[in-house]
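Here's the structure we're looking at; comments come further down.
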Amino acid sequence: MKTNALNGVSFGIKKGEFVSIIGPSGSGKSTLMHILGALDTPTTGQYFLDGFEVSKLNDDELSDLRRNKIGFVFQSFNLLPRTTVLRNVMLPLLYSGMPHPEREEKAKACLRYAGMEESKFGNLSNQLSGGQMQRVAIARALINDPAIILADEPTGNLDTKTSATVMRAFQELNQKGHTIILITHEMDVADCANRIIYVRDGVIEKDVLNKPQDHFLPQ
Amino acid sequence: MIVDLLKETVWSLAGNKVRSGLTILGIVIGIASVITMVAIGQGAKNSVESSIESIGSNLIMINPGAQRVGGINQGGGSSQTLTVEDATAIKDEIMNVKAVAPSVTKRSQLTAKGKNTNTQIIGTNADYLIARNVTIDTGSFFSEQQMKSSAKVAVLGPATRDDLFGENANPIGQTIRTNNMDFQVIGVTASKGGSGFSNQDDIVYVPLTSAQHYLSGSIYVNNISVAAEDQTLMASVQDQIFELLLKRHKINDPTQADFSLMNQNDIIATATSITGTFTILLSSIAGISLLVGGIGIMNMMLTTVTERTREIGLRKAVGVRKIYINLQFLAEAVLLTFLGGAMGVLLGWGASMLVSKFVSGLTTSVSMSAVLLAFGVSAGVGIIFGFYPARRAANLSPIEALRYE
């Protein structure tokens, strides 16, 4: 028997939006995130990202698209172990032909932008705290000026206080004009966005605009 | 691009020094053990061959046969049947003979300047140098004149010289004393190496006539060494000598010959079959080392790459193309195996040198084919098992690779 993780899902996200996709586990939100992140292609249907039809691309074209259009922030950070902060951030620029000093400048700018302290740039990734690791991951996501930043449970491995600072960082990025898609199963986290899409059993249950209640932000 | 690739490779390997170090160690041990094994085997083979070679070239040895006294066999070499005239006849009547050296041997006590030693005294002629591959290091061998006049002169082997006069001393002009007679030292032979039953360096040569007059007191000789002109002529020369000596000794039945002939080719053939067995033994040990080393390298590479599946997934997720991931892992495998390989070759070579230095009488020889084989197999195994799993991981979708535990 064939099971569809997603069925008849159709929506659009505009530039500059901050969208949360929320749903319980098994709802199909992970599959949706994989498709949005060009990590996987849908069996049928179409996905346009920044004007490109993604669903028909081959492996290398998908790689190029991910590199140029999408910045990933993962739940488990996924930094290269025993590697400096700076090199982790520069990872997507590998084989780009950009001269090394320029890469370093760009990586430093992104790290500052993501709120990372200058003194930690040379540290090894495994010497950082969870919050710092996630900031490095955000800086890495920013390095190629992506069309969207895709965050998959970015606070899943963090305590409440650190989660608050990370979510504030996302809100700041959004205010600076970045498009952010956040996948989560926690209402508190989803509530930071301006729009929430509820997914359940492979279909969109609800798609509503949201006024952030600022559970995290002290006002 | 290439700079990026090299930097990634070096960073990656340097980032995990323990892992890289252990991988290299595995390769080093695999290669070094094979090279050393084969070098020792080759060395053993060479030293056996060269010690046979040092006996002489194209040599046929004539020894007196067993003496029978009333039906009791007294053992080979015990009879006194060979004479200087036999030797002269061989030299005069048989074609393709390069040298004929009759010799009288006697073990005797020697003294010089208060030091003494017990060694083998050989009375012989100048042909002995040719037949037995003996070369003079300093001084000279006895002349025709000294042969004719039974001069009391002696040529020392280097070991005997060392025993009597001290290491590398110049004994020429000095006298040595044996059986209450003084012999003047006129030369020293070059070292032939060899050890064991007959050390060819611990020897004293005197003119044959002198040995017969002063030491053995008999007209018989203990041995005649004949050198044929060419290896291919040895069989025919041997047959002719056999015929000639039978005739001279007036023996009709060849089975009753009172002498025996030994051909150097026979010794070489026996030795070759022994060293051949040696070679097979050592090759199998080397082969097993290579196999074990190869499996070690394979294990190390497989675990290393499998462990890094998540890293491969991440690289793919952030948009690194498959080909660059493949190339990086290939470069890492190549760098590791070549570093390990180079160190292994050096270590194996060094170990072979040490064996030569500390094991006397064994000069190891590092063979190029062993080096290439060991290096080739290790590099092949290392590269295949470093690259193949990485390629497999790079072909996974990034999600699967990222989820890999």
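The values are calculated or read from the model by the stated rules, or taken from the named source; none is laboratory data. None of the values given here were measured: they were computed from a predicted structure. Here the Cβ is made from the backbone with ideal geometry for all residues, glycine too, and neighbour counts use every protein chain on show. Ligands, DNA and RNA are excluded from the accessible area calculation, which covers all protein heavy atoms including side chains. Shrake-Rupley method; radii C 1.70, N 1.55, O 1.52, S 1.80 Å.
Side notes on the structure shown:
- At the residue level, B:Asp202 shows approximately 40 square angstrom of accessible surface with a 1.4 angstrom probe and all protein chains present.
- Near the amide H of A:Ser55, within less than 5 Å, lie the amide hydrogens of A:Tyr47, all on another chain or at least 5 residues away, with H placed in the peptide plane.
- Largest-first ordering by accessible area, 1.4 Å probe, given options A:Phe52, B:Phe142: A:Phe52, B:Phe142
- Shielding by partners for peptide A:76-88, expressed as the average number of C-beta atoms from other protein chains within 10 Å of each residue's C-beta, is 3.
- Listed values for the stretch B:341-347 are Karplus-derived 3J(HN,Hα) couplings in whole Hz (6.51 cos²θ - 1.76 cosθ + 1.60, θ = phi - 60°), namely x, 4, 5, x, 5, 4, 5, and x replaces Gly and Pro.
- Measuring nothing but protein heavy atoms, the accessible surface of the stretch B:276-322 at 1.4 Å probe radius is 76 percent carbon and sulfur.
- Crossing angle, helix B:84-93 versus chain B [Cα axis fit, 0-90 degrees, rounded to tens]: 70 degrees
- Total accessible surface hidden between A and B, rounded to 100 Å², 1.4 Å probe: 2500 Å²
- Each residue of the stretch A:38-51 was assigned a 3J(HN,Hα) from its phi angle through the Karplus expression (A = 6.51, B = -1.76, C = 1.60, θ = phi - 60°), giving 6, 8, 8, 10, x, 5, 9, x, 10, 9, 9, 10, 6, x Hz with x at Gly and Pro.
- Helix-only CD estimate at 222 nm, as mean residue ellipticity for the protein assembly as shown, using -39500 (n - 2.57) per DSSP H run (n ≥ 4): -15500 deg cm²/dmol
- Electrostatic dipole magnitude of the stretch B:70-193 [Cβ: Lys, Arg +1; Asp, Glu -1; Cα centre; debye, to 20]: 340 debye
- Panel note: contact residues of the stretch A:28-75 (accessible area lowered by at least 30 Å² against the chain on its own; 1.4 Å probe) correspond to A:His34, A:Leu39, A:Asp59, A:Asp60, A:Ser63, A:Asp64, A:Arg66, A:Arg67, A:Phe74.
- With a threshold of 32 Å on the Cα-Cα distance, the over-threshold entries among A:Lys29/A:Lys69; A:Lys2/A:Lys161; A:Lys108/A:Lys206; B:Lys152/B:Lys357; A:Lys106/B:Lys316 are A:Lys2/A:Lys161; A:Lys108/A:Lys206; B:Lys152/B:Lys357.
- Normalising the average separation of contacting C-alpha pairs (under 8 angstrom, six or more residues apart) by the number of residues puts the relative contact order of chain A at 33 percent.
- Rolling a 1.4 Å probe over the protein heavy atoms leaves B:Thr306 with an accessible area of roughly 40 Å².
- Averaged over its residues, the protein assembly as shown has an accessible area of 47 Å² per residue, based on protein heavy atoms and a 1.4 Å probe.
- Local net charge near B:Glu85, Cβ-Cβ under 14 Å (Lys/Arg +1, Asp/Glu -1): +1
- Ranked by how many other beta carbons lie within 10 Å on average, peptides B:125-131, B:350-356, A:60-66 from highest: B:125-131, A:60-66, B:350-356
- Cα pair count fraction exceeding 16 Å, expressed as % - the stretch A:1-41: 43 percent
- Threshold 30 Å² - residues in the stretch B:314-340 whose accessible area is reduced by that much or more when the chain is no longer isolated, probe 1.4 Å: B:Leu314, B:Arg315, B:Lys316, B:Ala317, B:Val318, B:Gly319, B:Val320, B:Arg321, B:Lys322, B:Tyr324
- By accessible area with a 1.4 Å probe, ligands and nucleic acids excluded, highest first: order of A:Val199, B:Val334: B:Val334, A:Val199
- Positive minus negative residues near A:Ser125 (Lys, Arg vs Asp, Glu; Cβ under 13 Å): +4
- Three-way shape label, the stretch A:18-209, alpha-carbon gyration tensor, a/c 1.5: oblate
- Cα centroid separation, the stretch B:198-219 to the stretch B:94-165 (Å): 7 Å
- Of all accessible heavy-atom area on the stretch B:102-226, the percent that carbon and sulfur account for (1.4 Å): 46 percent
- Helix B:368-395 vs. chain B, principal-axis angle (Cα, 0 to 90°, nearest 10): 10 degrees
- Sorting B:Arg248, B:Arg161, A:Arg112 by accessible area puts them as A:Arg112, B:Arg248, B:Arg161; the probe is 1.4 Å, largest comes first, and only protein heavy atoms count.
- Rounded to the nearest 10 Å², the accessible area of A:Asp50 at probe 1.4 Å: 100 Å²
- Solvent-free Debye scattering, log10 I(q)/I(0), computed from the Cα coordinates of the protein assembly as shown at q = 0.07, 0.09 Å⁻¹: -0.63, -0.81
- Across chain B, C-alpha contacts under 8 Å between residues 6 or more apart give a mean separation that, scaled by the residue count, equals a relative contact order of 29 percent.
- Average Cα contact separation per residue, the stretch B:256-387, under 8 Å, 6 or more apart, as relative contact order %: 39 percent
- Among residues other than B:Thr175 with Cβ under 13 Å from its Cβ, the summed charge is +3 (Lys and Arg +1, Asp and Glu -1).
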